[in-house]
Each structure stands twice: as C-alpha cells, then as structure tokens.
Amino acid sequence: MTSAASPDALLAAATAGDRRALARIVSLVEEGSAAGDELLATLHPTTGGAWTTGLTGAPGAGKSTLTSGLVTAVRAAGTEVAVVAVDPSSPFSGGAVLGDRIRMQQHAADHGVYIRSMASRGHLGGLAAATPRVVAVLDGVGFPEILVETVGVGQDEVDVATNADTTVVVVTPGWGDGVQVAKAGLLEIGDVFVVNKADRPAVGETVGDLERMLEMGGDLPWRPPVLAVVATTGEGVEAVWEAVQLHRRYLTTSGLLASRRTARILAAFEAAVRAGLRERTRRVMQDGDGEGVAAAVAAGTVDPWTAARRVLQRADG
Ligand SMILES: Nc1nc2c(ncn2[C@@H]2O[C@H](COP(=O)(O)OP(=O)(O)O)[C@@H](O)[C@H]2O)c(=O)[nH]1
Ligand SMILES: [Mg+2]
C-alpha cells in the first residue's frame with residue numbers, strides 16, 4: 001500500500017504509527033528527492049515537539065551500547081523513541097558483535113522504538129545535510145524522544161551539537177583521553193560527559209581529567225556532569241538519562257532552548273545551501289563541460305580563476 005501512496009496518505013499513515021510508511025518517508029527525505037522536500041515542508045509545522053539527544057565519541061567508545069541502554073530507560077516510562085545512527089560501524093547497521101545485535105533485536109520487536117541507521121554514502125550533500133532532515137521527519141511524525149549517534153571525528157561532532165538539544169560526549173578510560181576530548185573540540189559541545197567502560201582501570205583519572213578541564217571553563221550556569229558508566233551491564237545508564245532530563249529542564253527554564261534551536265535550524269539551512277551548491281557544481285564538473293575546463297586549466301590555456309568563474313556560471317543556470 002505504501003509504495004504507491006500519495007504524500008498525504010504516507011504522512012497520515014506514518015503519523016498513525018505505520019513504520020513502513022515512515023521508512024519510506026525517511027528514505028525519500030534522506031535521498032534529497034523533490035518528493036522528500038515536499039514531505040519536509042508539509043511536516044515542518046508539526047516539528048518542535050521532540051527532544052533530541054546526540055551521542056558522540058570515538059568509534060568503539062560504546063555509543064551504540066549506551067544508546068541501546070538509553071532506549072531501555074526511555075521505554076521504561078512508556079515513551080516512544082526514535083534512534084538515528086550515523087556511525088557506519090554501528091550495531092544498528094549490522095556490523096555488530098552478537099551481544100549488541102541481540103540487544104537491538106529486543107528493541108526491534110518493540111513497536112515503540114524506531115531505529116534508522118544511515119549509511120555514510122549515498123546522501124545528496126552527505127550525512128551532514130541528511131541527518132537534520134531525518135531528525136525533522138521523526139520529530140514531525142510525533143516521536144517525543146530522538147537519539148542521534150554520531151562518530152566524533154572530523155566534522156561530525158560539530159554536526160551532532162547542532163543537531164541535538166542535549167549532547168552526550170562518550171569517552172573511555174585511559175591516559176590522554178581528556179586531552180583528546182579537548183583537542184577534538186568536544187569539551188565545548190558536551191552537555192553531559194560519559195566515561196564509559198568504567199569496568200576498566202583508570203576510570204577515576206579520566207573522570208578527574210574531564211572535571212578539571214570543565215572547571216577551567218569557569219562558572220557557567222550549566223556545569224556538564226561527568227558520569228562513569230558500564231554500558232554493557234547498564235550500570236550508570238539511568239543516571240545518564242537523568243542528567244539529560246536535568247539539562248532539558250535547564251535549557252527550558254533558562255529560555256536558552258529557543259536560541260539553541262534557532263542556531264540548529266540555521267545550521268541546517270546553511271548545510272542545505274552548501275549541499276545544493278556542491279551538488280550543482282558536481283553536476284557541471286561531471287556532466288557539463290567541467291572536465292574540459294579543468295583540462296584547459298591543466299594545459300595552461302586558461303587561468304584557474306577564470307575557469308572557476310565559468311564553471312560557477314554554468315552551475316547557476
Ligand atoms: N568492557 C566494556 N566494553 C564495552 C562497554 N560498552 C561497550 N563495550 C564494548 O565496546 C565495543 C564497542 O561498543 P559500541 O557500542 O559498538 O561502540 P561505538 O562504536 O561507540 O558505537 C563493543 O564490543 C561493546 O560490547 C563497557 O562499558 N565495558
Ligand atoms: Mg556505534
């Protein structure tokens with residue numbers, strides 16, 4: 001039924017809880033198709049009700065395991081939850097050790113949980129552009145809680161910050177970890193810090209490192225808590241969810257939520273503009289005569305700036 005359904009019928013079905021209809025909408029939106037854009041425009045007025053929690057950290061830190069534990073915590077209250085996993089090595093995308101897969105299968109059988117893993121390729125404009133679109137869909141169809149798992153390397157940690165109301169930074173014990181966190185720019189974006197794998201040595205040192213570094217940030221109205229967690233056993237996971245709720249209350253009562261969301265919506269807008277420009281340029285370079293112009297630059301018959309202007313003029317049309 002869903003494959004040939006009209007956009008309105010799809011939206012009505014997805015909002016009523018039809019997961020196949022929802023998956024179809026997410027795919028259309030993820031691809032950056034015109035139909036997806038229309039669905040996003042229709043959904044826009046109903047967005048804003050979800051609380052988005054981003055989890056970021058290095059591959060292997062335990063983000064997926066922690067996410068799974070948070071899903072359990074959310075479900076204990078009967079609340080529906082959607083998970084967006086943008087980590088290509090994520091258990092959600094099938095690259096899991098058996099234990100993780102079994103945990104996720106339990107959630108997969110739960111209709112109150114919707115899990116979407118996003119491949120690192122195949123998005124118009126890349127993951128940075130696709131993630132906020134998918135989050136907007138899940139928000140628009142009525143999920144009150146959305147968890148977004150992102151690998152905290154390169155540009156992605158910035159993305160998770162602009163995509164989330166609350167950002168949870170996940171690290172593991174070990175020397176230098178605190179320094180790595182600072183270097184990666186994660187100190188600034190974390191609202192809650194998790195030192196996962198607390199069943200291993202040197203947990204206290206990493207917790208202490210992070211707390212000292214956060215204290216150097218001065219007397220801020222929100223002091224991010226640093227929590228020791230064993231995601232595999234669930235130890236400390238509820239405290240993480242409680243910290244997210246505290247942060248939520250802080251943002252809501254301080255009035256900072258509105259400005260944070262405005263920054264997020266503007267970041268999505270700018271990412272979409274950049275993605276559109278990149279895509280147009282790519283088209284000219286591949287399908288237009290971009291390669292011919294590049295050959296002329298290489299041959300020295302035209303200067304690179306004139307050549308660039310030519311390509312951009314074509315991308316405009
Ligand atoms: N010892 C220990 N291992 C953990 C813990 N949390 C996760 N792991 C393991 O670390 C590996 C990576 O976990 P995963 O959740 O996939 O990490 P991600 O790449 O950050 O999503 C898996 O083998 C997990 O079982 C923990 O608290 N303690
Ligand atoms: Mg993962």
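Report, by residue number, each residue of segment 240-272 that is open to solvent by less than 70 Å² (accessible area, probe 1.4 Å), of a type in the set (A, V, I, L, M, F, W, C) and at pLDDT 85 or above.
If the condition is that a residue be open to solvent by less than 70 Å² (accessible area, probe 1.4 Å), of a type in the set (A, V, I, L, M, F, W, C) and at pLDDT 85 or above, then Val240, Trp241, Ala243, Val244, Leu251, Leu257, Ala258, Ala263 are the ones that fit.
Looking only at residues in segment 30-45 that are charged (D, E, K, R) and either within 14 Å of Phe143 (Cβ to Cβ) or open to solvent by 60 Å² or more (accessible area, probe 1.4 Å) (or both), which one is farthest from ligand 1 (Cβ to nearest atom)? Break it down into steps so the answer makes sense when it comes.
Quick first cut of segment 30-45, residues charged (D, E, K, R) only: 30-31, 37-38.
Still in the list and also either within 14 Å of Phe143 (Cβ to Cβ) or open to solvent by 60 Å² or more (accessible area, probe 1.4 Å) (or both): 31, 37-38.
Numbers: Glu31: 25, Asp37: 31, Glu38: 34 Å.
Ranking the candidates gives Glu38 first.
In segment 46-84, what residues are more than 16 Å from ligand 1 (Cβ to nearest atom), part of a helix (DSSP H, G or I) and open to solvent by less than 10 Å² (accessible area, probe 1.4 Å)? Give the steps one after another, and end with the answer.
First, the residues of segment 46-84 that are more than 16 Å from ligand 1 (Cβ to nearest atom): 46-52, 74-82.
Applying the additional criterion that residues be part of a helix (DSSP H, G or I) yields 46, 74-76.
Correct list: Val74 only.
Quick one: count up the residues across segment 190-213 that are over 22 Å from the mean Cα position of the chain (by Cα) and either under 18 Å from Leu55 (Cα atoms) or within 16 Å of ligand 2 (Cβ to nearest atom) (or both).
4
Select, from Ala50, Ala12, Ala41, the only residue that is touching a Leu at 6+ places or on another chain (Cβ under 8 Å) and among the small types (Gly, Ala, Ser).
It is Ala50.
With the requirement that a residue be assigned to a helix (DSSP H, G or I) and not aliphatic (A, V, I, L, M), what does segment 289-317 give you? Even if it seems obvious, please write down each step before you answer.
Looking only at segment 289-317, we keep the residues that are assigned to a helix (DSSP H, G or I), and these are 290-299, 304-316.
Answer for segment 289-317, where residues must be assigned to a helix (DSSP H, G or I) and not aliphatic (A, V, I, L, M): Gly290, Glu291, Gly292, Pro304, Trp305, Thr306, Arg309, Arg310, Gln313, Arg314, Asp316.
Select from segment 221-239 the residues that are crowded, with 20+ Cβ neighbours inside 10 Å, touching a residue at least 60 places away in the same chain (Cβ under 8 Å) and not in a helix (DSSP H, G or I) and list them in ascending order.
If the condition is that a residue be crowded, with 20+ Cβ neighbours inside 10 Å, touching a residue at least 60 places away in the same chain (Cβ under 8 Å) and not in a helix (DSSP H, G or I), then Val229, Ala231 are the ones that fit.
For segment 14-29, name all the residues that are open to solvent by 20 Å² or more (accessible area, probe 1.4 Å) and assigned to a helix (DSSP H, G or I).
Our first condition is that a residue be open to solvent by 20 Å² or more (accessible area, probe 1.4 Å); within segment 14-29, this holds for 15-16, 18-20, 23-24, 27-28.
Within segment 14-29, Thr15, Arg19, Arg20, Ala23, Arg24, Ser27, Leu28 qualify.
Considering Gly208, Gly218, Gly276, which residue is more than 29 Å from Ala34 (Cβ to Cβ) and either part of a helix (DSSP H, G or I) or modelled with pLDDT of 95 or more (or both)?
Details: Gly218 fails: either part of a helix (DSSP H, G or I) or modelled with pLDDT of 95 or more (or both); Gly276 fails: more than 29 Å from Ala34 (Cβ to Cβ).
Result: Gly208 is the single residue among Gly208, Gly218, Gly276 that is more than 29 Å from Ala34 (Cβ to Cβ) and either part of a helix (DSSP H, G or I) or modelled with pLDDT of 95 or more (or both).
Which of the residues that make up segment 196-205 are charged (D, E, K, R), in a loop (DSSP other than H, G, I, E, B) and either touching a Pro at 6+ places or on another chain (Cβ under 9 Å) or without any contact (Cβ under 8 Å) to a residue 12 or more places away in the chain (or both)? Please lay out each step first, then the result.
Here is the first cut: in segment 196-205, the residues charged (D, E, K, R) are 197, 199-200, 205.
Pick out the ones that are also in a loop (DSSP other than H, G, I, E, B) and you get 197, 199-200.
Result: Lys197, Arg200.
Return the only residue of Ala298, Ala267 being of a type in the set (Gly, Ala, Ser) and either within 29 Å of Ser33 (Cα to Cα) or in contact with a Lys or Arg (Cβ under 8 Å, 6 or more places away or on another chain) (or both). Full working, then the answer.
Values: Ala298 fails: either within 29 Å of Ser33 (Cα to Cα) or in contact with a Lys or Arg (Cβ under 8 Å, 6 or more places away or on another chain) (or both).
Of Ala298, Ala267, the one residue that is of a type in the set (Gly, Ala, Ser) and either within 29 Å of Ser33 (Cα to Cα) or in contact with a Lys or Arg (Cβ under 8 Å, 6 or more places away or on another chain) (or both) is Ala267.
Report, ordered by the first and then the second residue, all pairs with beta carbons closer than 9 Å, sequence separation of six or more or different chains, a first member in segment 7-23 that is of a type in the set (D, E, K, R), and a second member that is part of a helix (DSSP H, G or I) and open to solvent by less than 50 Å² (accessible area, probe 1.4 Å).
Going by the 9 Å Cβ cut-off, the qualifying pairs are Asp18/Leu10; Arg20/Ala13; Arg20/Ala14.
Which of the residues that make up segment 164-190 are open to solvent by 20 Å² or more (accessible area, probe 1.4 Å), under 22 Å from Gly69 (Cβ atoms), in a loop (DSSP other than H, G, I, E, B) and out of contact with any Gly (no Cβ under 8 Å at 6 or more places or on another chain)?
Passing the criteria: Pro173, Gly174.
Run Phe193 past the list (1) within 27 Å of Ala268 (Cβ to Cβ); (2) part of a loop (DSSP other than H, G, I, E, B); (3) modelled with pLDDT of 90 or more and report the number of the one that doesn't hold.
(2)
The values are calculated or read from the model by the stated rules, or taken from the named source; none is laboratory data. Model, not experiment: these values are computed from the prediction. For neighbour counting, all protein chains shown are included, and Cβ atoms are generated from backbone atoms with ideal geometry for every residue, glycine included. Only protein heavy atoms, including side chains, enter the accessible area calculation; ligands, DNA and RNA are left aside. Shrake-Rupley method; radii C 1.70, N 1.55, O 1.52, S 1.80 Å.
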